[in-house]
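Here, each number is a calculation from the coordinates, and none is a lab measurement. Everything numeric in this text was worked out from a predicted model, so none of it was measured. With ideal geometry, Cβ positions are generated from the backbone for all residues, glycine too; neighbour counts draw on all protein chains shown.
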Amino acid sequence: MRFVFLGPPGVGKGTQAARFSERHKLPHIATGDLLRVAIKEETSVGLKAKSFIENGRLVPDEVIIALMEDRIQAPDAKSGYILDGFPRTIAQAKALSEILTRNGVALDCVVYFSLDDETLMERIVGRRTCPDCHAIYHVSYHPPEKEGLCHCGGILFQRKDDVPETVAERLAVYKNETSPLITYYKNENILTEINADQSVDRIAENLQKMV
């Protein structure tokens, strides 16, 4: 089973990908994680990515695509995987299609998690992170027992990516670059839309019905 999980930042696709991965024993492949590992291990692709990031530039498609091609051809991905955060552009989607065709396989489904901007903003801006154990809380949906403190004792903080101005920018980039993928995959007849304005468990149930 080969899946792509699409959706705006804060929609919860990473949470669902992790649960789906555990249930079906499929690798959860997230672009951000791949980049971090490649940079840490100083692979050739990782060093290229690092040079762009250190200069405040976006990592170009060809670097991301090379990283992803290596990962989806790893032994643990032979029977399938869940792609989270890739493809992010039409160019990446076309490159993925070419890679899959060369390997004689195809995507089984692209899942689009939809949610309105107002709810997305509320979800992201309310997030608080622990610098010590990396636990994530939410001021409304999942508050800590003691205000401002993690269960491990760490002082919770709001990431720079989670402040309103940055969130608005991230959503704008998503609409400009990633939203066209919805039409692209709809035309390929492999897109399924799931309303993400539901509980985590309900969304997981809806995902399970697709298998």
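On C-alpha positions alone, give me the angle between the axis of helix 61-72 and the longest principal axis of the chain, in degrees, nearest 10.
Roughly 80 degrees between the two axes.
When you take every Cα atom in the stretch 1-147, what is the radius of gyration, and what is Dmax, the widest Cα pair distance, in Å?
Here Rg and the maximum Cα pair distance are 16.8, 54 Å.
Which percent, nearest 5, of DSSP beta bridges in the chain are antiparallel?
Expressed as a percentage, antiparallel bridges in the chain total about 30.
Ranked highest first by average number of other Cβ atoms within 10 Å, how do 159-170, 9-20, 25-36 line up?
Ranked from most to least packed, the peptides come out as 9-20, 25-36, 159-170.
Full extension from Asp201 to Glu188: what is 0.36 nm times the residue separation minus their Cα-Cα distance, to one decimal in nm?
1.8 nm
Charges on Cβ only, +1 for Lys and Arg, -1 for Asp and Glu, centred on the Cα centroid of the chain; of Leu191, Asn103, Phe3, which one is farthest towards the dipole's positive end?
Asn103
Taking neighbour counts of Cβ atoms within 10 Å as a proxy for exposure, in what order, fewest first, do His151, His24 appear?
Listing His151, His24 from fewest to most nearby Cβ atoms yields His151, His24.
Lys25: which lysines have alpha carbons under 19 Å from its alpha carbon, excluding same-chain residues fewer than 8 sequence positions away?
Lys13, Lys78, Lys209
Per DSSP H run of n ≥ 4, the term is -39500 (n - 2.57); total these for the chain, divide by its residue number, and report the mean residue ellipticity at 222 nm rounded to 500 deg cm²/dmol.
-13500 deg cm²/dmol
Testing the spin-label approximation: label points 7 Å from Cα along Cα→Cβ at Lys146 and Asp33. State their distance in nm.
3.2 nm
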